[in-house]
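The values are calculated or read from the model by the stated rules, or taken from the named source; none is laboratory data. Here the structure is a predicted model, which is why all the values come from computation and not from measurement. Neighbour counts run over all protein chains shown; Cβ positions are idealised from the backbone, glycine included. To get the accessible areas, we keep the full protein, side chains included, count just its heavy atoms, and leave off ligands, DNA and RNA. Shrake-Rupley method; radii C 1.70, N 1.55, O 1.52, S 1.80 Å.
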Amino acid sequence: MKNYFTFILLLCISLTYAQTTNLKGRVLDNNGFPLPGATVQTQPSSKAVVTDFNGFFTILDTEGEQTIKISYLGFEAFEEKINIISGETTNEIFVLSPTVDELDEVVLSVFQDGIIKGLNKQKSDLNITNVVSADQIGKYPDDNVGDVIKRIAGVSMQADQGEARNIVMRGLGPGLNSVTLNGERIPSAEGDNRNIQLDLIPSAMIQSIEVNKTLTPDMEADAIGGSVNLITRSKPSGFRANITAGGGGQPIRSGGYNSNFAVVVGDQLSDKFSYTFSGTIQTKDYGSDNIEFEWNDPSDWAEDGPIGEMDIRRYDVKRTRRSASLNFDYQFNENNSLYFKSIYNHRDDWEKRFRMRVRSIDMASDGISGTATIRRQTKGGINDDKNDGARLEDQRTQKFTLGGEHQLGKLAVDWKVSTSKASEERPNERYVRYQSDVDVPFTSLDISNPKFPTFSWDGDLWNDPSNYEFKWAQDAFKMTEEDHFVFRVDFELPVANNDKIKFGFKQNTKTKMRDDVWYEYEENSNGDALLGNLDTVSNFDATISGYEPGHQYQSGIFMTANALGNLSLGGTNDDFFVGYPLDEFGAGNYDADESITAAYAMATLKNKRGNVKTIVGARLEATSIDYTGFEFDDETMETPSDLNPVSGSSNFTNILPNLTIQWDVNDKFNLNFAATQSLARPAYFDLVPYISIEEQEAVNIGNPDLKPALSTNLDIMAEYYFDGFGFFSLGYFNKRIENWLYRYTSFNESYAGYDNVEFSQLRNGAEADVNGLEITYQTRFLKNFLFMGNYTFTSSSTGDVIFPDEDPENTVVRSDVPLVGQVDNMYNLSLAYENSKFFIRASYNYSEGSLDEISDDEDFDRYYDEQAFLDVNANYRINDNWSIFAEGKNLTNQPLRYFQGVESRTMQLEYYNVSWNLGLKYDF
């Protein structure tokens, strides 16, 4: 680290003395907001550049009298003569005016202005991108960036507790995509994957969102589907501030509510120094209604019945999200500047869960009635000021970056050093289980509608608390943490009038750990149980009137979460402590250290006319991972000290070529082509050589031999821009993915002397072929109406997936299986109306289902079902300062659903109901 800072110090000292002849400038609209993606040309020097996200540009080696020409979709063409003094850097600010129609009326409104900025940046980017600006973000009814991103062409989201969390891009699942913050990948608080929790980051913190569907060599290569770059607010041109406050209802629970407070303040205090601060506090008190089923093999239905297990679950949830971002920019002189960027996100998720589980189902000879065992589990936490009797999931992310931008003669040098951290802590998480003492009879198991299988209970024994015997209580302490340290330096040098080369180096050091421990309590040395039967403890009926899956699903009586939280549980010193439930955490803890050393070189070339731009280059990424995990067998191990530590390492190097071409056929029509390679690294935990053997029936093991998935990508996109706001694009993409990852599951495996076990391991497939088509269309009609729509079709084939057996005759070969996580069809539609004061918009988002897990028997494949969301939001501007807004979300009451084997067999169905919000915004 000392070497990095020594480099930075020497660089800053040397650059102080650089003498150049340059034009530096900024392009703004007439409200003082930056215009990203503007094309700036000088004549007669024939130089041309494009403004960055903050409207800045630099033109080198240009002096004397020059005519500045600036073009920007939706704005009037700009032309002005200036004089650039030799040996100096000239700074200028250029202000553009929006287009006016034949009636001398301004064409652009506030929302349209945001769309135009996104289109201009998208048009000027040489790679295939979609850009959403802050003005657009503010017009969506979305609290977090995940809900904003799902409206972009080719993107959908997987949800957690009703909020968009994991990204699906171009039909490819979360493990094949990446999320960066200001260009750097951020750590994950998830213990078993690299996914970034997008529901952790409020949309109010972000200036713009850039969805990169193709990469260039200067971008991180770990993104096969694509990469989302979140850009925080910085470099205001003057004082800007606003405050937003709102609140509303979450009808899934009686008294459910949401609230939101956000503030943004920024100012340019001098020609040298500016700052931007953003802060939010969001709270939701709500819940979800959930049913789950485990289906038996259809060939066994006659003997065992169709259902192996059924859950009826009630979740009561409260979430509070706090976020802050503070950015500083300091301009030493015309050629040297420093910046500091920081962001902190903290989300507390309190959950109380009441789960009724029906299992050990014994069907009668009539094939309709029978008996079953019922378990009742309450999940919560210690009853203190922090947990408040609920399971607390405390997730935090933070990132701090120091960087500089320098011009040393013709050589531009940018550098940054950043440190970031993500963590998830779940302290004093508690469970208590009660189980029926006598098997409970049922008169029928109705699967006439397999989406909603139903038990009809015989009498009241199923809900008689005296029939439920205390089995155990558990207390868990969980911790996951990931840390990143990044040093990056980039150099850019012009080699001809409008050609340039760029090269750079990046070192990313990562550490990740998961450290969980569980304690179990049953009885003391005298044989006295910690608790009596369910009727002897504080209990309540968790059944909800209007339970979303249907009134036929009644939860019944449970121990209260408050009573569970009040138990005095003292760990190993407690009289009722009986041991460690190692099956919950024995093989799950690990430590991993990863180092990625990257270097790249690229040339950006233009033809004589300047309308064909080509990037040619390559990126090298060398990855080194060391990891430590544990082997666990519940037949031989009882305490954490019995666990067998295992360690290993993995090293691989990828050289990834890149060819990107953009042809500006005319001012309105672009053709884009890209031939690239990208990769997807396995999750840390999947590489750990852990082994978990439970009850000689289930075996899960890691795979230290996993290779990163490597994709060769071909992209072609045609884009047509019209009428300022109008846009149409048609694109095709192909990806050939080697070593794609899938979860191998076999239900008849032999392992370590155990026969007929359920075996699971992540493995590499040979090759997958992905083809897709993207269409986007947006237009304005009848002056004030706006339509936006996009559609993505994706298909994939993975060839043969082999499930070997000791007897070759029993080997199973699955052919033409789709890529895990791949979505065939998804689309977004929106219709909006806007005038000078009023805005209203309806947005519809649809994504088809996808394969989630593959097994050796297609009846046990797991699928993520289709989803369709309808949201409506409106805004009325009272005056120049005050506006009022209203939002309605998930008006389709779309549940989360998984199914097993065939679409009709529900595995999981979870409802969140609609939500609504009203609020005020004040612009200073």
The residue that is farthest from ASP289 (Cα to Cα), considering only those in the stretch 242-261 that are open to solvent by 20 Å² or more (accessible area, probe 1.4 Å) and hydrophobic (A, V, I, L, M, F, W, C), is ILE243
Exactly one of ALA364, ALA324 is farther than 22 Å from PHE860 by Cβ, without any contact (Cβ under 8 Å) to a residue 40 or more places away in the chain and assigned by the TED database to the domain that holds LEU408, and that one is ALA364
For the stretch 287-312, pairs from a residue that is touching a residue at least 60 places away in the same chain (Cβ under 8 Å) and in the same structural domain as THR543 (by the TED database) to a residue that is open to solvent by less than 20 Å² (accessible area, probe 1.4 Å) and among the charged types (D, E, K, R), with Cβ under 6 Å and 6 or more apart or across chains, are SER288/GLU910; ASN290/GLU910; GLU292/ASP311
SER448 passes all but one of the listed conditions (1) of a type in the set (S, T, N, Q); (2) open to solvent by 20 Å² or more (accessible area, probe 1.4 Å); (3) touching a residue at least 40 places away in the same chain (Cβ under 8 Å); the exception is number (3)
Checked against (1) over 30 Å from GLU163 (Cβ atoms); (2) open to solvent by 40 Å² or more (accessible area, probe 1.4 Å); (3) assigned to a strand (DSSP E or B); (4) charged (D, E, K, R), ASP285 satisfies every condition except (1)
Among residues of the stretch 471-522 being under 27 Å from the mean Cα position of the chain (by Cα) and outside any strand (DSSP E or B), the residue surrounded by the fewest Cβ atoms within 10 Å (Cβ to Cβ) is ASP515
Residue pairs qualifying under the 6 Å Cβ cut-off, at least six apart or on distinct chains, with the first in the stretch 613-632 being free of Cβ contacts under 8 Å to residues at least 40 places away in the same chain and the second being surrounded by fewer than 22 Cβ atoms within 10 Å (Cβ to Cβ), are LEU620/ALA599; LEU620/ILE655; ALA622/THR597; ALA622/THR653; SER624/SER595; SER624/ASN651; ASP626/ASP593; ASP626/SER649
Of the residues in the stretch 539-576, those that are of a type in the set (S, T, N, Q) and either surrounded by fewer than 13 Cβ atoms within 10 Å (Cβ to Cβ) or in contact (Cβ under 8 Å) with a residue 60 or more places away in the chain (or both) come to ASN539, SER545, GLN552, GLN554, SER555, THR560, ASN562, ASN566, SER568, THR572, ASN573
Exactly one of THR798, THR794, THR776 is at pLDDT 90 or above, β-branched (Val, Ile, Thr) and touching a Phe, Trp or Tyr at 6+ places or on another chain (Cβ under 7 Å), and that residue is THR776
The residue from PHE94, PHE57, PHE33, PHE75 that alone is of a type in the set (Phe, Trp, Tyr), touching a Leu at 6+ places or on another chain (Cβ under 6 Å) and modelled with pLDDT of 85 or more is PHE75
Considering the stretch 866-924, residues that are modelled with pLDDT of 95 or more and basic (Lys, Arg), and then whichever is least open to solvent (accessible area, probe 1.4 Å), we arrive at ARG897
Of the candidates GLU469, GLU492, the one satisfying the condition of being in contact with a Phe, Trp or Tyr (Cβ under 7 Å, 6 or more places away or on another chain) and either assigned by the TED database to the domain that holds ILE312 or over 24 Å from ASN290 (Cβ atoms) (or both) is GLU469
Next on the checklist: Just to be sure before I move on: is THR712 among the hydroxyl-bearing types (Ser, Thr, Tyr), free of Cβ contacts under 8 Å to residues at least 60 places away in the same chain and surrounded by 15 or more Cβ atoms within 10 Å (Cβ to Cβ) in the structure I sent?
Outcome noted: yes
Out of (1) open to solvent by less than 70 Å² (accessible area, probe 1.4 Å); (2) assigned to a loop (DSSP other than H, G, I, E, B); (3) not β-branched (Val, Ile, Thr), the one GLN761 does not meet is (2)
Selection from the stretch 794-832 of residues in contact with a Leu (Cβ under 8 Å, 6 or more places away or on another chain), in contact (Cβ under 8 Å) with a residue 60 or more places away in the chain and open to solvent by 70 Å² or more (accessible area, probe 1.4 Å) yields none
Checklist entry - Can VAL50 be described as open to solvent by 20 Å² or more (accessible area, probe 1.4 Å), aliphatic (A, V, I, L, M) and modelled with pLDDT of 90 or more? => result yes
If you go through TYR720, TYR732, TYR744, the only one that is among the aromatic types (Phe, Trp, Tyr), open to solvent by less than 30 Å² (accessible area, probe 1.4 Å) and not in a loop (DSSP other than H, G, I, E, B) is TYR744
